[in-house]
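The block underneath contains the structure these notes are about, expressed in structure tokens.
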Amino acid sequence: MDYSINFPNLGIHLEHVGKNIMVGNFSLAYYGMVIAVGMMLGMKACTMRAKETGQSEDDYVDMVIVGLICGVIGARIYYVIFAWDYYKNDILSVFNIRQGGLAIYGGIIGAVLSLYVTSRIKKIPFLKVLDTIAIGIPIGQIIGRWGNFFNREAFGGYTNNLLAMQLPVSAVRQNEITEEMWQHAVTINGVQYIQVHPTFLYEGLWNCGVLVILFLMRKKTKSPGELFMLYIALYGLGRFWIESLRTDQLLIPGTAIPVSMVVSAVGVIGAVIFIIYGRKRAKSVSGI
């Protein structure tokens, strides 16, 4: 397998981008390390937000740790459910996440469910908890998406735009290469490349914008839960478009409908309704 990755229209040519690093006799995947760093920085953002709002940082360390564990489990379960044909003949591979296979929406669902339980135990309003962790989520996503870069996954179809990325055919899953990508494949120094949308990068950049908006709005929300719902709406808008470009879409069984596009659309609509209702209720209570 060739380890190079190119961004030809930017003039960037990376000769060796490995997938793992050896520590003694043990192999550590960059995918896992990048996600771990994203989780830690996201957790730090949550505790800083807790301190800013006069809450106990220790409470949020406890809740976020549980949330991260349940989030990873939820992300894996969600992915396996919608990619069951890939795993059904090799059940043990379900437990191997070193090669990827975590779905962000599954992670959010798993984390939110755990936060509901832990917030009840600690007697902290659930919506207040969601608002407190809202800024930490995109931080984790921005960094974690680079795990897809090292794994050569989560890319889109053929493009020749400014950010177009070239990946060696030998380094990607063959079932994710479309006919159009084959038609535009190029051979450089004896290595065959496909040229694709770096959708992992698009999502990272989109989440940078989401993070900025959440940061600016953190003191301007009108009702509990609004900041978190703003994240759901903003992320969902970007994810709906980005998902339409990807060639590794998880589909609703028996259909050609990408499940993440459906979840994104439902999330955006639900979040907008929640925010509008919350603002109207807050306005009514204040008597303005």
Sorted by chain and number, the residues with a modelled amide H under 5 Å from that of residue 20, at a separation of 5 or more or across chains, are 30
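Note the full-extension length gain between residue 284 and residue 90 as 0.36 nm times their separation in residues minus their Cα-Cα distance, in nm to one decimal.
On the way: separation 194, 0.36 × 194 = 69.84 nm, distance 5.67 nm.
So the extension gain works out to 64.2 nm.
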Taking the beta-carbon count within 10 Å as an exposure proxy, list 72, 23, 129 from fewest neighbours to most.
23, 72, 129
Of 51/123; 19/128; 19/88; 123/219; 122/220; 51/220, which sit over 29 Å apart, Cα to Cα?
19/128
Where the centroid of each part is defined by its Cα atoms, how far is the stretch 55-114 from the stretch 252-288 in Å?
23 Å
Using DSSP H assignments, which helices in the chain have an axial alpha-carbon span of 24 Å or above and a mean Kyte-Doolittle hydropathy of 0.0 or higher?
30-52, 57-82, 104-121, 199-217, 226-245, 259-286
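Rounded to the nearest 20 Debye, what is the dipole magnitude of the stretch 25-134 about its Cα centre when Lys and Arg each give +1 and Asp and Glu each give -1 at the C-beta? If you can, show how the numbers build up before the last one.
Values: 10 positive and 8 negative charges, 21 e Å.
Dipole of the stretch 25-134, to the nearest 20 debye: 100 debye.
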Calculate for the chain the 222 nm mean residue ellipticity that helices alone would give, adding -39,500 (n - 2.57) per DSSP H run of length 4 or more and normalising by residue count, nearest 500 deg cm²/dmol.
-19000 deg cm²/dmol
Kirkwood hydrodynamic radius (Cα pairs, Å) of the chain?
20.4 Å
Cα pair distances of the stretch 27-142 binned at 10 Å [whole percent]
14, 43, 28, 13, 2, 0
Phi to ³J(HN,Hα) by Karplus 6.51 cos²θ - 1.76 cosθ + 1.60 over the stretch 165-172, Hz, x for Gly, Pro:
10, 9, 10, x, 4, 5, 9, 10
Given charges at Cβ of Lys, Arg, Asp, Glu: the chain dipole, positive-most of 166, 3, 242
242
Considering only 92, 230, 167, give the residue with the highest GNM mean-square fluctuation for the chain, with springs between Cα atoms whenever their separation is below 10 Å.
92
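FYI, it's all coordinate maths here, none of it is from the lab. Owing to the predicted nature of the structure, the values given are computational and were not obtained by experimental measurement. When we count neighbours, we look across all protein chains shown, and the Cβ atoms used for this are built from the backbone with ideal geometry, even at glycine.
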